[in-house]
Amino acid sequence: MSASATVDERLAPASVVRRLLGRPELGAVVGAAAVFVFFSFAADSFLRASSLSTVLYSASTIGIMAVPVALLMIGGEFDLSAGVMVTTSALLSSMFSYQMTANVWVGVLVSLLVTLAVGFFNGFMLTRTRLPSFIITLGTFLMLTGLNLGFTKLISGSVSTKTIADMEGFSSARALFASQWNIGSVTLKVTVLWWLVLVAAATWILLRTRAGNWIFAVGGGADAARATGVPVVKTRIGLYMGVALCAWISGQHILFSFDVVQSGEGVGNEFLYIIAAVIGGCLMTGGYGSAIGSAVGAFIFGMTSNGIVYAQWNPDWFKFFLGAMLLLATLLNAWVRKRAEAK
């Protein structure tokens, strides 16, 4: 028998096809291609440059939050307060700046600190009480929903904030959080740049750092991870603070795009973030997924939500398509994972 024949097949380099089959986002990429082709034929205006701008913007507003939610799900947890936390951060910036007649950047920084504190609270309560993250973050969701409405009415006298467009620092803050560029006939909003940067950073963390190994280990089994020296508590708290950081970014975009904030916004958006992450390959049980997959899931959301409009269909059907995609993506992801494990 030759020497090459005696080499353990586990040590042989994996083929390109085998590596692709093992990627969590494979199913999402196939789904994104199918959705793109479908709406290319169903809607004549779908392939226009202006339509691409709208699709990318819709995808980026969901994608900014889908990235940290995906990391959190890989770590085996959920955050049902993510949607209203976005609104909380926007309200804090607006009302603090207006009431204190301070530079807008003061309100922005105060909002950052408070939002990060909410994320820390979620992670701390989870690790100390050992209650399911569903219960912890559902409680936070309800508290933030009440606080958003109660404080806004108490301070502003209505359900929306006062305008801060004439205050010092507004223009520079808008340039960072809500600017846009025209490239030919394509209008590119800054949220797309934020989205891509966050996807790149999260991918680097997951694949190239010790913290990424910790996230996968905690999601695969917290007790086993703790036994091998993984700082489970710090990892979970860090993941929830990551969700809070991205909620702050999204909240500032809403504030500086529209100048005023409605206190009831954000309710229900947490499910869109989770759906984007699941479509992108994240398992509900944790330990598996990718940040790139969440980006593809958000892109599918953007294509579907706008493709229905361009095809001049009744937009009431959007939720049906979203639910169907969620089920199909979950089944496809399960099949891809089984094939990868079998290989």
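LEU52 accessible area, nearest 10 Å², 1.4 Å probe?
Near enough 80 Å² of accessible area.
What dipole magnitude, in Debye to the nearest 20, does region 200-341 give about its Cα centre under +1 on Lys/Arg Cβ and -1 on Asp/Glu Cβ?
On the way: 9 positive and 6 negative charges, 134 e Å.
Result for region 200-341 is approximately 640 debye, rounded to the nearest 20.
Would you work out the relative contact order for region 182-306, in percent, from Cα pairs under 8 angstrom that are 6 or more residues apart?
After rounding, I find 24 percent.
Quick check on packing: order 238-247, 94-103 by the mean number of other C-beta atoms within 10 Å, highest mean leading.
Details: 238-247: 25.6, 94-103: 18.3.
Peptide ranking by packing, descending: 238-247, 94-103.
By how many nm would the segment from PHE120 to LYS338 lengthen if fully extended, with 0.36 nm per residue of separation less the alpha-carbon distance?
Working: separation 218, 0.36 × 218 = 78.48 nm, distance 3.53 nm.
Full extension from PHE120 to LYS338 adds 75.0 nm.
Among residues other than LEU206 whose Cβ falls under 13 Å from its Cβ, what is the net charge (Lys/Arg +1, Asp/Glu -1)? Before the final figure, lay out each step's value.
Details: positive: ARG23, ARG208, ARG210; negative: GLU25.
Around LEU206, the surrounding residues sum to +2.
If you take the square roots of the eigenvalues of the alpha-carbon gyration tensor of the chain and sort them as a ≥ b ≥ c, do you get rounded (a/c under 1.5), prolate (a/b over b/c) or oblate?
oblate
Please determine, in degrees from 0 to 90 and to the nearest 10, the orientation of helix 26-42 with respect to the longest principal axis defined by the Cα atoms of the chain, where the helix direction is its Cα long axis.
Helix 26-42 and the main axis of the chain meet at about 60 degrees.
Can you tell me the relative contact order of the chain? Whole percent, Cα pairs under 8 Å, sequence separation 6 or more. Provide the component values of the computation, followed by the final result.
On the way: 581 pairs, mean separation 123.2, N = 343.
The value is 36 percent.
In terms of solvent-accessible area of protein heavy atoms at a 1.4 angstrom probe, what is the ranking of TRP181, TRP195, highest value first?
If we order TRP181, TRP195 from most to least accessible, we get TRP181, TRP195.
Of GLY63, ILE205, GLN312, which is farthest on the positive side of the dipole of the chain, counting Cα position, with +1 on Lys and Arg Cβ, -1 on Asp and Glu Cβ, and the Cα centre as origin?
ILE205
What ranking, highest mean first, results for peptides 205-217, 78-90, 106-118 when packing means the other Cβ atoms within 10 Å averaged over each residue?
Numbers: 205-217: 17.0, 78-90: 28.1, 106-118: 18.9.
Listed from highest to lowest mean packing, they are 78-90, 106-118, 205-217.
For the full complex of protein chains and a 1.4 angstrom probe, list PHE124, PHE39, PHE134 by accessible area with the highest value first.
On the way: PHE124 80, PHE39 5, PHE134 115 Å².
Result, largest first: PHE134, PHE124, PHE39.
Let me have the 222 nm mean residue ellipticity of the chain computed from DSSP H runs of 4+ only, each contributing -39500 (n - 2.57), with the sum over all residues rounded to the nearest 500. Please report the intermediate quantities before stating the final value.
On the way: 14 runs with 245 residues, N = 343.
When only DSSP H runs of four or more count, the value is -24000 deg cm²/dmol.
First compute the accessible area of region 204-316 with a 1.4 Å probe, then give the percent of it belonging to carbon and sulfur atoms. Working shown, then result.
On the way: 2830 of 4520 Å².
C and S atoms contribute 63 percent here.
Using the alpha-carbon atoms, what tilt in degrees (0 to 90, nearest 10) does helix 318-342 show relative to the longest principal axis of the chain?
30
Tell me the accessible surface of GLU77 in square angstrom (1.4 angstrom probe, heavy atoms of protein chains only), to the nearest ten.
Roll a 1.4 Å probe over it and GLU77 shows about 20 Å².
The values are calculated or read from the model by the stated rules, or taken from the named source; none is laboratory data. All values reported here derive from a predicted model rather than from experimental measurement. A quick note on method: Cβ atoms are made from the backbone with ideal geometry, for glycine too, and the neighbour counts reach across all protein chains shown. Keep in mind that these areas ignore ligands, DNA and RNA; they rest on the heavy atoms of the full protein, side chains included. Shrake-Rupley method; radii C 1.70, N 1.55, O 1.52, S 1.80 Å.
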